[in-house]
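Colleague: Just passing along the structure, written as structure tokens.
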Amino acid sequence: MEYSQQIKQTVAALVEFYSQDNANCEAMAPVVQRVRERIGDLSAQVITIDVNADPRLADREKIETLPTFIVYRYGRAHWRATGIVSEDDLFDHLAASADPTPANELGKR
């Protein structure tokens, strides 16, 4: 499945760009797994992309520092961070983006 389709499968998607030979990525692996486990009923997903396996996608998404986290809402980048990020920060941004209110209705609340 294409990346652009993957990030639109749910309202929100947290994407981690990582490399297996990067110490910060290794440290974040259990954190990302805990975020994945906390999703529950949210319309959200966690996607991990190995930059060594897909360097063209990493270039297209302007990944310069690992790990890089991007939260998408309805397929549009909503939040971005690099390096070590707390579990709560990752989850809170993902959960906030998973609000099922249609994107065109957000400004009308």
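Laboratory data are not the source of any read-out in this text; all were calculated from the coordinates shown. Given the structure is predicted, the values throughout are model-derived calculations rather than measurements. All Cβ positions, glycine included, derive from the backbone under ideal geometry; neighbour counts span all protein chains shown.
Colleague: Among the numbered conditions (1) in contact (Cβ under 8 Å) with a residue 24 or more places away in the chain; (2) more than 19 Å from Ala98 (Cα to Cα); (3) surrounded by fewer than 19 Cβ atoms within 10 Å (Cβ to Cβ), tell me where Leu42 comes up short.
Modeller: Every listed condition holds for Leu42 apart from (2).
Colleague: A further question follows. Restricted to the range 54-68, and to residues that are within 17 Å of Asp21 (Cα to Cα), of a type outside the set (S, T, N, Q) and surrounded by 12 or more Cβ atoms within 10 Å (Cβ to Cβ), which residue is nearest to the chain's Cα centre (by Cα)? Explain how you work it out, then say what you get.
Modeller: Looking only at the range 54-68, we keep the residues that are within 17 Å of Asp21 (Cα to Cα), and these are 54-55, 58, 63-68.
Cutting the leftovers down to of a type outside the set (S, T, N, Q) gives us 54-55, 58, 63-64, 66-67.
Filter once more, so that each one left must be surrounded by 12 or more Cβ atoms within 10 Å (Cβ to Cβ): 54, 58, 63, 66-67.
Details: Asp54: 16, Ala58: 13, Ile63: 13, Leu66: 13, Pro67: 11 Å.
Across the range 54-68, the extreme among qualifying residues is Pro67.
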